[in-house]
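Report on the structure given below.
Computed from the coordinates by the stated procedures, all read-outs in this text should not be read as laboratory data. Just so we're clear, the structure is a prediction, and the values are computed from it rather than from any experiment. Don't worry about glycine lacking a Cβ; one is built from the backbone with ideal geometry, like all the others, and counts go over all protein chains shown.
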Amino acid sequence: MLMSVLREAADEVPDQPALAAVGRSLTYEACLARSESFASGLRQQGIERLGCVLDDPMEVLPLLAGASAAPSEACVYPNTVDASAVDEYAARFQHSWVITDRPMKLENATAVPISDLLADGRARPSDDAERASLLVLTTGTTGHQRAARHDWARLLTGVAQTQVDRVERWLVAYNLNQFGGLQVLLHALATRGTLTFARSNQPRDVIETIRALAVTHASGTPTFWRLFTAALSQDDLQEMGLEQITLGGEAVSQQLLDRLEELFPEARICHIYGATEFGTALSVCDGRSGLPISVLERREGAKVQLRIVDGELHSRSSVRMLGYHGDEPVRDEWIPTGDLVEVRDDRIRFVGRTSEIINVGGAKVHPLPVEEVIAAVDGVELARVYGRPNPITGQLAVAEVVSRPEVDEEQLEKEIRGACEALPRAARPRRIEFVDEIETRGSKLARGSTGARG
Amino acid sequence: MPGDTWMRDAEKTILRTVNELFERRGEGTLEVTRASRLFEDLDLDSLEVAELSAALEDELGRDPFSEGMIPPTVGELVAFYDA
């Protein structure tokens, strides 16, 4: 489990920073000591399951490692939520204890200040620790999120054990409650790297941190990277030495990959296909969007196998979750991913999610290809296409667009409509609304149809 | 009368929206009057009517289609806003 990995790393590179933010860091040895202290504290207080909400991301790894050794099943809540949402999570996932670094009073659980967990003594690994599990929240609206139960041992086998010749400094532009963030954390640990955090995932904060801490590897969602590229200045580019850029959690457009390649010609750019439920299926680093069809040839024994059934990707994974909290355990079988795809030019291309299909008078419209057409129009920063209820056609495809600064929106709307002429009529967005920002959840575009206004 | 002004605003919005639909069809402009029938004369199809409904909802706050009506002519569409 996680504590053993941390212990091995601390034996090998005790003085190297495991975690860093601007102005502070924690070495592997100090991180291990803190984790062991948390493990003792959790055991002393008899905490077997916990939720945590931590504003300081540098507390997450020590607490998760401590919990894995106690053992105690941890669940990281998003640190973007307020006390009432924390209460809601605690009730839904049956957490009697919420560990936090905020002053907080809860109705449904006892809020435990994280400093109260620091107990003397180094915890010896417990026999139970081999069975330690973790709950990972899926992205979704509060109230509709589910929690995937993972087994630490299985989760760790999913992390590639690559040898690296020098220290990688990873910046994680996810929140650590997200599966993508957790994967970066585990990778950094496995490669004895340093995991760095920006003050927030706002592009400006991330850029400052990359510059200040000489970050070499950075990972975030395509939505994050799109906003990041828009915020970059020439000056920033010269001060950055990114060797690798990783994108995951959403489908990636060719246009974004090309843009990153143009800005960072020296960097290796990879996009990852994976999900909280089935783990990381593959990492694609050939500069092209979509997945190579060769992935469909994987045989039994591969960590994650993929196949296409009626236009939807199905996965069979040995690094899958145990099951959703409050639900039946999942078996070793083929499971629909919810990702709709088309095969073109030897490539598996994502067109949308089963839950996002827009039904316009019986015609099925997938939002992703439409978003790509709009995003390719000069002057568009970000676009989201969704279904709006309509009395005539059931739903209508409509778009929200964030324009770049100082763009004439009336002209831009004409250009967007012009570009959309290439699409089938039902897919052309019938209303185009210019907005200041597009709602995101965990740095992913907020998905699903929204109700009509009013 | 204030109602009158409002109705003229509604009429303007309706005429502008219908004209935009035509422009986008690339078939040039068509004379739209209160007597024009939406389906027979203006030849609107379901997607265009759906768009008209969404546009009117956005710009005038409500639209007859969402309230279960299908006004056959532009004049009756305008009259809806007088109610």
Using helices alone, what [θ] at 222 nm do you get for the protein assembly as shown, with -39,500 (n - 2.57) per DSSP H run of 4 or more residues, divided over all residues and rounded to the nearest 500?
-> -9500 deg cm²/dmol
Averaged over A:386-395, number of beta-carbon atoms from partner chains that fall within 10 Å | 5
Rank by packing, highest mean first: peptides A:27-36, A:351-360, A:399-408, with packing defined as the count of other Cβ atoms within 10 Å averaged across residues.
-> A:27-36, A:351-360, A:399-408
How well do other chains shield peptide A:352-362, expressed as the mean number of their Cβ atoms within 10 Å of each residue Cβ?
-> 1
Could you give the semi-axes, largest first, of the ellipsoid that matches region A:295-381, computed as the square roots of 5 times the alpha carbon gyration tensor eigenvalues and rounded to whole Å?
-> 29, 17, 13
Residues meeting the amide H criterion for A:Gly248 (H placed from the backbone, H to H distance under 5 Å, 5 or more places apart or on another chain) are A:Gly220, A:Thr221, A:Ile272
Volume per residue, Å³, of the convex hull around the alpha-carbon atoms of the protein assembly as shown?
-> 182
What is the fewest-to-most order of A:Phe278, A:Phe264, A:Phe434 by other Cβ atoms lying within 10 Å of their Cβ?
-> A:Phe434, A:Phe264, A:Phe278
How much net charge surrounds A:Ala109 when only the other residues with a Cβ under 13 Å from the Cβ of A:Ala109 are counted, with Lys and Arg +1 and Asp and Glu -1?
-> 0
List every residue whose amide H lies under 5 Å from the amide H of A:Ile99, counting only residues 5 or more places away in sequence or on a different chain, with H placed 1.01 Å from N in the peptide plane.
-> A:Gly51, A:Cys52, A:Val53, A:Val112
Length-normalised contact order for chain A - Cα pairs under 8 Å, 6+ apart - percent | 11
Return, in residue-number order, each cysteine of the protein assembly as shown whose C-beta is not under 4.7 Å from any other cysteine's C-beta.
-> A:Cys31, A:Cys52, A:Cys75, A:Cys420
Using θ = phi - 60° and Karplus 6.51 cos²θ - 1.76 cosθ + 1.60, couplings along region B:52-59 (whole Hz; Gly, Pro as x) | 4, 4, 5, 5, 5, 4, 5, 8
Integer Hz, Karplus 6.51/-1.76/1.60 couplings in order for region A:250-258, x for Gly and Pro = 8, 5, 9, 8, 4, 4, 5, 4, 5
Please work out the Cα convex hull volume for region B:2-80 and give it in Å³ per residue.
-> 85
Going by C-beta contacts inside 10 Å, put A:Leu423, A:Leu64 in order with the fewest on the left.
-> A:Leu423, A:Leu64
Report, as an integer, the average count of C-beta atoms from other chains found within 10 Å of each Cβ along B:44-55.
-> 6
For region A:363-454, Rg(Cα) over 2.2 N^0.38 Å is 1.03
Place a +1 charge on the Cβ of each Lys and Arg in region B:2-80 and a -1 charge on the Cβ of each Asp and Glu, then give the dipole magnitude about the Cα centre in debye, rounded to the nearest 20.
-> 180
Separation in nanometres of the label points that stand 7 Å from Cα toward Cβ, at A:Arg307 and A:Gln94 | 3.5
